[in-house]
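The values are calculated or read from the model by the stated rules, or taken from the named source; none is laboratory data. Model, not experiment: these values are computed from the prediction. In this analysis, Cβ positions are derived from the backbone assuming ideal geometry, glycine residues included, and neighbour counts consider all displayed protein chains.
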Amino acid sequence: MKKSAYILLFSCLILFQSCFEIIEQVFIKNDGSGNFQLVINLSKSKTRVNSIMKMKTVNGHDVPTKAEITEKVAAIEKTIAGTAGISNVKTNLDFTNYIATLTCDFSKVAQLNTVVKNINDKEKGKQKTEKSFDLDAATNVFSRLNKFQFKEDYNKMSNADKEIFSGANYTAIYKFEKPVSLVSNKDANISPSKKAVMLKLNVLDIITNKKSIENKITITK
C-alpha cells in the first residue's frame, strides 16, 4: 500500500493492526476546480492504538512516536503545498480519537495526479505513478482510476500484518454542482439530489481485486 499516494498514513496503519476507515472526498465545481479531502479514521480502535503507541515495536515493526508522525505529515503537507495549482493545504492529526485529515483546493483535477507523483517521488516510491483522477471537459465525465496493484505486496505480508485489512473500509464521495446522470461502478450510489456519488467497499476486497474503486461519473451538461 505504501507505494500509493497514501504512503504517509498506510505505513502507520500497518503497525497499528486496528480497524480503520479511509474516506476520500472530492468536490468538483463547474469550472473544474474544487476541493480534495482524505481522512484516515482509527477512532473505533483508539483504545488499542493508544496501547500500541506506548510500545517500541509490534510484530517486528518499529512504532513511530507522535512526534515522528507529526513530522512526516508536515513534510507531506509541504510537498503538496509546493505543487502548482494546489492551495489551502491543511492537515490535522487528532491523537485523542486517532483521526488524520488532509485537505486542499485545486484549480484543475489533473493537479491531483501531480500531487500523487510528487509524494511518490519524495518518498522514493518504486512503483510508476499513474493517473488517478481525470475530468474530460468535452464529455463531462469525471473518472476515478486505479492503476496501482497491491495484491502481490499483500501476499508477502505476515498473517499478523494482513489482519489490519479484515475490518477496514474505503469510502469515496464525489460531489458536483450539476446533477449526475450515470456511474460506471455498480457498487456506487447516486444521492437523491443527483449531485453526489458514494462508493463504500471493504479494503481487503480492493487489495485482492474482488472490487474496484474505479468509476466513470457522467455529469449533466
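Quick look at the numbers
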quantity	calculated
Residue in the stretch 80-96 that is surrounded by 19 or more Cβ atoms within 10 Å (Cβ to Cβ) and over 16 Å from the mean Cα position of the chain (by Cα) present	yes
Cβ-Cβ under 9 Å pairs, at least 6 apart or on other chains, the stretch 47-71 side more than 24 Å from M157 (Cα to Cα), far side assigned to a helix (DSSP H, G or I) and hydrophobic (A, V, I, L, M, F, W, C)	none
Cβ pairs under 7 Å, 6+ apart, first in the stretch 197-211 and modelled with pLDDT under 95, second part of a loop (DSSP other than H, G, I, E, B) and hydroxyl-bearing (S, T, Y)	L204/S166
Looking only at the stretch 48-79, and only at residues there that are surrounded by 15 or more Cβ atoms within 10 Å (Cβ to Cβ) and of a type in the set (K, R), the one that is nearest to E21 (Cα to Cα)	R48
Residue ID - modelled with the highest pLDDT, chosen from residues in the stretch 23-51 that are more than 19 Å from S132 (Cα to Cα) and of a type in the set (S, T, Y)	S43
The lone exception for E71 - which of (1) under 18 Å from the mean Cα position of the chain (by Cα); (2) more than 22 Å from N35 (Cβ to Cβ); (3) charged (D, E, K, R) it fails	(1)
Qualifying residue in the stretch 29-43 (condition: surrounded by 12 or more Cβ atoms within 10 Å (Cβ to Cβ), of a type outside the set (V, I, T) and assigned to a helix (DSSP H, G or I))	yes
